[in-house]
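Written below as structure tokens is the structure these notes are about.
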Amino acid sequence: MLDFIRIACAVPAVAVGDVKKNTEDICAYIEKADAREADIVLFPEMAMTGYTCQDLFFQDTLYEGVKQGLRKIMACSQKHPALTAVVGLPVRAGGQMFNCAAVISGGKLHGLVPKTYIPNYNEFYEKRWFSSGTELTDRIASMDLTLDGEPVYVPILANAVFRIGNGTLVGIEICEDLWTPLPPSTMLALRGAEVILNLSASNETIGKRGYRRDLVKHQSAALNCVYAYCSAGSTESTQDLIFSGQSLIAENGVLLAETGEPIATDYLLIQDCDLGKLRADRRRNKSFQDAAQQYGSQRAIQTETFAGNLRADGTIYPLQKLPFVPSAKQDRIQRCMEIFHMQVAGLKQRLSAIGGAKAVIGISGGLDSTLALLVSVEAMRQLGRPAQEVCGVTMPCFGTSDRTYHNSWELMKTLGISCKEINIKEAVSLHFADIGHDANVHNGTYENSQARERTQILMDYASVVGGIVVGTGDLSELALGWCTYNGDHMSMYGVNASIPKTLIRWMIDAISEMPEFAAARPVLQDILDTPISPELLPPDAEGKIAQHTEDLVGPYALHDFFLYYVLRFGFTPTKIYTLACRAFADDFDAPTVKKWLKVFYRRFFSQQFKRSCMPDGVKVGSVTLSPRGDWRMPSDASARLWLEEVERL
């Protein structure tokens, strides 16, 4: 199950007081939403009458029209049983009138939810007409709705959580409820609601649009929920106010959809939302559960399950091929620089705590060591220490290409650090002789011996100069175990440990624009253009890199996509495969995605022992593999269930 829900915000061109016309429009939008396979269609506050009816709300003729219109909407919904409609209307009960939301599905009115907070300040006079839902606390109220000549009493439920489809829990609040210190949606979420619907008629004033957007985003983040806000459009009365029709759909702090026009009406805003993400976060977030236990103990009224299973398949859900990399340039640069400053701060503190230690780094001419070097140089600069206290060591061997060799030296010299070259060919060859390995056999022993020799040199050289070895390995390599145990796997502080490979390239690009690194910009650009390789096998006949990592382990773009959804949300292989096939439709066919997904799970499980003893390194994002941070996993866990599911795809 993919766990998506499709929500539509429908804003008809309301005719104030013309319930018949408004009812027809509502039914038309129900049909449109159902044709788009929406699971919920949400209408504005007082959609049946118009919010700006004022004293017309007291008129019996208007109210009789509301009851007739409600019956027509129910009849319409019977033709669209998979869709739940939520419509705003006035309701009389117990000698009072309430501003309500009607929840309708399959020809049945499942309940009425009253507005809790009734604004009566500035331009608002709602208490002139409506009572608060809090007045229903100690008694049961209902609406008398005659059907086929028989009275039918529909309950008004102040604390209702509606169970729809496959058990998705939905709560409702109305306009002003969101603008209060303690919105009803807070308690509804703590009592289980995963989706909050807000029927609104919020008039427009200068600056209000942005404030409204921030409110919706914040509430969705605070409650780990989907929050859909549907506001009355511009055909409401303009006697004293203008209504903009701004509708928004947010998911856990992320705005997924919003009307683009500043003043709008007569439209359908539709969006898929991922309930799987929300459920994963709620399971993981123990503070949410503690709050639910403390404040959500009063059980909300839950209706019987209605409507069919959710139909949304996520095809209109925004998917990023590179979930770690913001797509907008300015956002990407900002993200990269935030991470860079966190890396620098972490290394600064470690160097200071040790007491004047130097930073020792193995420089390969590749992306990872380049980023670690830039972090080290900036850390020294901020500490007020010379760049020469960063000690770069290049260690050419059998697989070193001319390009990476020259880039290593050019980068070190340009940055003004201490430079040292130690050719390890002779040492590794001697080691081969000691262990009885044929140097012509290019297997794991051939490659790992070089990686471990380099690490041994760095550790020993750090002792000579009074420094620490700054690790260069990144998050993607740790996930796949693409590092030599006790070789490049080991350091004294790993500055790249929680940065995925797909982001490192962009980080170097952003950092190269800093004035402090202007002189190094040309060599940094060439490093960015260099193929990713550990360079542990000899170059080809033309002296170029022969060993390309992504040919061996798979595309990092795919692996980082898999990693994000495995660690961040715990999704199943089926869901991750489905999402990856959509996101990379223009890049990889389905068999290729399946092939590398299988490789990912096999390597992720089998290489946990390397992550169980990884060095310290600062966490910079929501995903990390540190055994002291976010990820704890037995090194001998079986991948069988995951691999069998991949095989069935």
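The values are calculated or read from the model by the stated rules, or taken from the named source; none is laboratory data. In this text, all values refer to a predicted model and were calculated from it rather than measured experimentally. Quick reminder, even Gly has a Cβ in these numbers, built from the backbone with ideal geometry, and neighbours come from all protein chains shown. These accessible areas exclude ligands, DNA and RNA; they are computed on the full protein's heavy atoms, side chains included. Shrake-Rupley method; radii C 1.70, N 1.55, O 1.52, S 1.80 Å.
What do you reckon, is Ala353 farther than 22 Å from Asp488 by Cα, free of Cβ contacts under 8 Å to residues at least 40 places away in the same chain and in contact with a Ser or Thr (Cβ under 9 Å, 6 or more places away or on another chain)? Against the criterion (farther than 22 Å from Asp488 by Cα, free of Cβ contacts under 8 Å to residues at least 40 places away in the same chain and in contact with a Ser or Thr (Cβ under 9 Å, 6 or more places away or on another chain)), Ala353 does not qualify. Within region 247-299, being in contact (Cβ under 8 Å) with a residue 12 or more places away in the chain, more than 16 Å from Leu169 (Cβ to Cβ), assigned to a helix (DSSP H, G or I) and of a type outside the set (A, V, I, L, M) holds for one residue alone: Tyr295. What strands (runs of 3 or more DSSP E) completely inside region 143-219 contain at least 3 residues that are without any contact (Cβ under 8 Å) to a residue 12 or more places away in the chain and open to solvent by 30 Å² or more (accessible area, probe 1.4 Å)? So the answer is 150-156.
Ser638 fulfils the conditions (1) open to solvent by 50 Å² or more (accessible area, probe 1.4 Å); (2) part of a helix (DSSP H, G or I); (3) not aliphatic (A, V, I, L, M) except for a single criterion, (2). On the given criteria, is Leu563 of a type outside the set (Lys, Arg), open to solvent by less than 20 Å² (accessible area, probe 1.4 Å), over 27 Å from Asn443 (Cα atoms) and in contact with a helix residue (DSSP H, G or I) (Cβ under 6 Å, 6 or more places away or on another chain)? Criteria met by Leu563.
Taken over region 340-362, the criterion of being under 34 Å from the mean Cα position of the chain (by Cα) and open to solvent by 10 Å² or more (accessible area, probe 1.4 Å) is satisfied by His341, Met342, Ala345, Gly346, Lys348, Gln349, Arg350.
Apart from one condition, Ala222 fits all of (1) in contact with a Cys (Cβ under 7 Å, 6 or more places away or on another chain); (2) open to solvent by 50 Å² or more (accessible area, probe 1.4 Å); the exception is (1). Cβ-Cβ contacts under 7 Å between residues 6 or more apart (or on different chains), taken from a first residue in region 616-635 that is more than 10 Å from Leu567 (Cβ to Cβ) to a second residue that is at pLDDT below 90, are listed as Lys619/Gly629.
Of the numbered criteria (1) open to solvent by 60 Å² or more (accessible area, probe 1.4 Å); (2) touching a helix residue (DSSP H, G or I) at 6+ places or on another chain (Cβ under 8 Å); (3) assigned to a helix (DSSP H, G or I), the one Lys321 fails is (3). Here is a check on your reading of the model: is Phe605 out of contact with any Leu (no Cβ under 6 Å at 6 or more places or on another chain), more than 21 Å from Asp3 (Cα to Cα) and of a type in the set (A, V, I, L, M, F, W, C)? Yes. Among residues belonging to region 240-255 that are open to solvent by 30 Å² or more (accessible area, probe 1.4 Å) and out of contact with any helix residue (DSSP H, G or I) (no Cβ under 7 Å at 6 or more places or on another chain), point out the one that is farthest from Asn122 (Cα to Cα). Checked region 240-255; the qualifying residue farthest from Asn122 (Cα to Cα) is Val254. Hey, can you tell me all the residues within region 110-142 that are among the hydroxyl-bearing types (Ser, Thr, Tyr) and either at pLDDT 90 or above or assigned to a helix (DSSP H, G or I) (or both)? The answer is Thr116, Tyr117, Ser131, Ser132, Thr134.
Within region 72-109, restricting attention to residues that are at pLDDT below 95 and among the charged types (D, E, K, R), the residue that is least open to solvent (accessible area, probe 1.4 Å) is Arg92. Taking the stated definitions as given, is Ser626 modelled with pLDDT under 95, surrounded by 16 or more Cβ atoms within 10 Å (Cβ to Cβ) and part of a loop (DSSP other than H, G, I, E, B)? Considered against the rule, which asks whether it is modelled with pLDDT under 95, surrounded by 16 or more Cβ atoms within 10 Å (Cβ to Cβ) and part of a loop (DSSP other than H, G, I, E, B), Ser626 comes out as yes.
Among the residues of region 110-127, those identified as open to solvent by 10 Å² or more (accessible area, probe 1.4 Å) and within 27 Å of Ile26 (Cα to Cα) are His110, Thr116, Tyr117, Ile118, Phe124, Tyr125, Lys127. Check region 435-446 and report whether any residue there is among the charged types (D, E, K, R), open to solvent by 50 Å² or more (accessible area, probe 1.4 Å) and out of contact with any helix residue (DSSP H, G or I) (no Cβ under 6 Å at 6 or more places or on another chain). Checking region 435-446: at least one residue is among the charged types (D, E, K, R), open to solvent by 50 Å² or more (accessible area, probe 1.4 Å) and out of contact with any helix residue (DSSP H, G or I) (no Cβ under 6 Å at 6 or more places or on another chain).
The residues of region 579-595 that are more than 18 Å from the chain's Cα centre (by Cα) and either assigned to a helix (DSSP H, G or I) or under 17 Å from Glu647 (Cβ atoms) (or both), listed by number, are Cys581, Ala590, Pro591, Thr592, Val593, Lys594, Lys595.
For the condition under 23 Å from Gln271 (Cα atoms), in a helix (DSSP H, G or I) and acidic (Asp, Glu), Glu31 qualifies. Working only within region 57-70, note down all residues that are open to solvent by 80 Å² or more (accessible area, probe 1.4 Å) and in contact (Cβ under 8 Å) with a residue 40 or more places away in the chain. Those that are open to solvent by 80 Å² or more (accessible area, probe 1.4 Å) and in contact (Cβ under 8 Å) with a residue 40 or more places away in the chain: Phe58, Gln68. Condition test on Ala15, is it of a type in the set (A, V, I, L, M, F, W, C), touching a helix residue (DSSP H, G or I) at 6+ places or on another chain (Cβ under 9 Å) and either crowded, with 24+ Cβ neighbours inside 10 Å or within 19 Å of Ala141 (Cβ to Cβ) (or both)? The answer is no for Ala15.
Here's the yes/no breakdown for (1) in a loop (DSSP other than H, G, I, E, B); (2) closer than 17 Å to Ala264 by Cβ:
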{"site": "Cys9", "(1), (2)": "no, yes"}
{"site": "Ala38", "(1), (2)": "yes, no"}
{"site": "Ala47", "(1), (2)": "yes, yes"}
{"site": "Tyr63", "(1), (2)": "no, no"}
